[in-house]
Structures are given as C-alpha cells and as structure tokens.
Amino acid sequence: MASLWNTFAGGISTIATENSTGIGTYYTGDSADNLFDGSTTNAYSSRGNSATTSAIAGLNTGFYLTIAQCQSTLVTFRFATASSPAARDPITITVEGTSCSDLLTCTNWTLLYNGTTGLDNVTNRSTYGPFQNIPSPQSFSSYRFLVTAKRSSSNFVSYSEVDLYGYT
C-alpha cells in the first residue's frame, strides 16, 4: 500500500510523504493505510499539488495496493466519506490494474474504471456510498485508485474507507 500524489492514469506513481504541511503530502496520521482499517472514523487526507484551499488540492492523489499471493479480479468497490467537511469528498476517480513487479516505475497500467465514487449524492459524514461496478473486470496483482475531481474547493481530498470486492 502506498499513498500517491502527482500521479495520472497510465503514468508512473509518485509517493506522497507524511507531513503537517506542504505539497506532495498527506496529513500526519492520515495515510492510505486508514482506508482499509474497517473504521470510518479514520481518514486518508491528501493535499496533492496545493498546500492551500483550492479547487486542485488533493486531485491526482490516491493509492495503490497489491493483493497478497494471487491474481485477483476486482468486480466492484465503494467509498466512504470522512468526518471532515463535504468539500473534501472525492467525486470522480480512475481505477487501474497491473501485474508489474515495480509499481513505482510501472507504466503498464490498464484503465478499468473512470467515473464516480458514488459519493456525489452522499452528504452524511463517515458514510458509505453505493457500490460502483467495474465494467469489464480483469485479473491483476495490483490496483491503483486516483482522484480526478472533488466536491468543491478545500485544502485536501479526504475519505475514510474503500471496500473492494472481487474473486481470485
């Protein structure tokens, strides 16, 4: 699992660092690891290319993960809002898959999904949105999720959970 910033579909990944300020960082204690802890009280909060409140803060950020010991097929997923202000909610994302061994330098990502997180009509905080389906599921060892739009101007993109469903 890695927290990313300045990363675009099909391109190489750039690792974000933990810091209380600055571009290319995620907020202290709010790494992408929080997305899979089973709790909507912890969040992943990323700044991306802006250290201030703006329309672009948190865009082109996200995470990648490798499924342990198998090639898996991601079929559906859902996001949960964080407890932070709704302006930080990710609204659209890309989902890619790869079987590269080095995810940092990999440029062999296959675009599987480009669309909504399902949070566009979810206003309650720390709440799951509806499931989103991968239109043409394929098997990969690793997946990458990147935020391409958020609800409105803010200093981060924040979300609390991502549930992945599929098969091996």
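Checking each residue in the range 121-156 for being more than 19 Å from Y26 (Cβ to Cβ), assigned to a loop (DSSP other than H, G, I, E, B) and hydrophobic (A, V, I, L, M, F, W, C) picks out V122, F131, I134. Put simply, of T61, T40, T21, T14 the only residue that is modelled with pLDDT under 95, out of contact with any Pro (no Cβ under 7 Å at 6 or more places or on another chain) and not small (G, A, S) is T21. From A2, A57, which residue is within 21 Å of R151 (Cβ to Cβ) and either touching a Ser or Thr at 6+ places or on another chain (Cβ under 8 Å) or buried (at least 22 other Cβ atoms within 10 Å of the Cβ) (or both)? Only one candidate qualifies: A57. Within the range 70-98, the set of residues being modelled with pLDDT under 95 and surrounded by 18 or more Cβ atoms within 10 Å (Cβ to Cβ) comprises S72 only.
For the range 86-126, filtered to residues that are of a type in the set (S, T, N, Q) and within 23 Å of Q69 (Cβ to Cβ), the residue that is farthest from the chain's Cα centre (by Cα) is S101.
Contact map, the range 105-127: first residue within 11 Å of A86 (Cα to Cα) and touching a residue at least 40 places away in the same chain (Cβ under 8 Å), second residue surrounded by fewer than 17 Cβ atoms within 10 Å (Cβ to Cβ) and among the hydroxyl-bearing types (S, T, Y), Cβ cut-off under 8 Å, separation 6 or more or different chains; pairs are R125/S83; S126/T41; S126/S83. A residue that is hydroxyl-bearing (S, T, Y), within 20 Å of G38 (Cα to Cα) and in contact with a strand residue (DSSP E or B) (Cβ under 7 Å, 6 or more places away or on another chain) can be found somewhere in the range 150-158.
The values are calculated or read from the model by the stated rules, or taken from the named source; none is laboratory data. From a predicted model like this one, the values you see are computed outputs, not experimental measurements. Note that each Cβ is placed from the backbone with ideal geometry, even for glycine, and that neighbours are counted across all protein chains shown.
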